[in-house]
Amino acid sequence: MKLHNPAVRNKTAHPCYSLSVPRVVDHDERRSEIAETALGVVLRQGLDGVTLRGVASAAGCSTGALRHYFPTQQELQEYVMAAASSRLREGVLARLQGPHPGATMVEQIASVVEEMLPLDQTRRRELELWSALAEWERRNPPEGGSVIWSDRRALYRRCLASLYGYPSAGGLQDATQPHPDDQVEMWAAVLHTFVDGLASQLTDTPGQVSPEEARSLLRRLLASAAPRT
């Protein structure tokens with residue numbers, strides 16, 4: 001999944017450009033462009049940086065122009081967090097459904113799961129977005145519990161179901177309920193806890209666990225989880 005930094009845009013591509021220019025504007029497209037700029041703000045400053053003034057400054061337009069698309073800061077933050085969640089979910093699905101020619105099942109699943117670990121700059125940036133979403137949920141608890149937690153557990157449930165030979169068609173929404181196989185469900189919980197803990201070590205104590213060690217530990221865990229034949 002590619003995360004874009006807000007770039008200097010020419011006038012015709014400016015997120016807020018249009019209010020003083022008599023031309024047809026796609027409202028939804030402009031909101032999406034502003035959200036793209038705001039995601040860059042999240043990566044640099046965290047959720048607290050997503051203010052009308054802060055995003056307007058990053059977009060190079062006035063606060064009044066931004067209010068045309070997002071009347072309140074709450075609406076802006078909600079839209080940006082929804083965009084981040086959708087982007088991260090799409091990235092996870094792309095990995096799940098991507099081809100893995102010639103790889104063992106353990107290796108296939110490891111290659112998906114390790115994308116949730118901050119092993120390089122791109123994945124560190126993705127983890128920062130996940131963290132921003134988690135902070136948003138803490139401030140604005142969603143009905144029915146954490147969407148972030150449910151999405152991640154669904155990912156690991158799908159991975160373990162594949163490891164145990166169950167069909168893996170469908171999206172993450174098809175794996176939001178406990179799996180009927182107790183072993184799949186138990187190992188999904190173990191994998192979820194393991195990855196969260198390993199991600200914290202890689203982030204909070206850099207250098208104590210190398211990316212190579214992290215990859216090796218993940219594969220050893222998955223090998224232990226695999227059903228015995």
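The values are calculated or read from the model by the stated rules, or taken from the named source; none is laboratory data. Here the structure is a predicted model, which means the values were calculated and not measured. Note that we place each Cβ from the backbone using ideal geometry, even for glycine, and neighbour counts take in every protein chain shown.
Can you find, within the range 73-97, the residue that is surrounded by the most Cβ atoms within 10 Å (Cβ to Cβ) among those that are in contact with a Leu (Cβ under 8 Å, 6 or more places away or on another chain) and not hydrophobic (A, V, I, L, M, F, W, C)?
77
Among the residues in the range 67-82, are any within 12 Å of the chain's Cα centre (by Cα), farther than 27 Å from residue 202 by Cβ, in a helix (DSSP H, G or I) and outside the structural domain of residue 196 (by TED's automatic domain parsing)?
Among the residues of the range 67-82, at least one is within 12 Å of the chain's Cα centre (by Cα), farther than 27 Å from residue 202 by Cβ, in a helix (DSSP H, G or I) and outside the structural domain of residue 196 (by TED's automatic domain parsing), which makes the answer yes.
Just for the range 196-229: of the residues that are farther than 17 Å from residue 112 by Cβ and within 20 Å of the chain's Cα centre (by Cα), which one is surrounded by the fewest Cβ atoms within 10 Å (Cβ to Cβ)?
204
Does residue 193 qualify as being over 25 Å from residue 104 (Cβ atoms) and of a type in the set (Ser, Thr, Tyr)?
no
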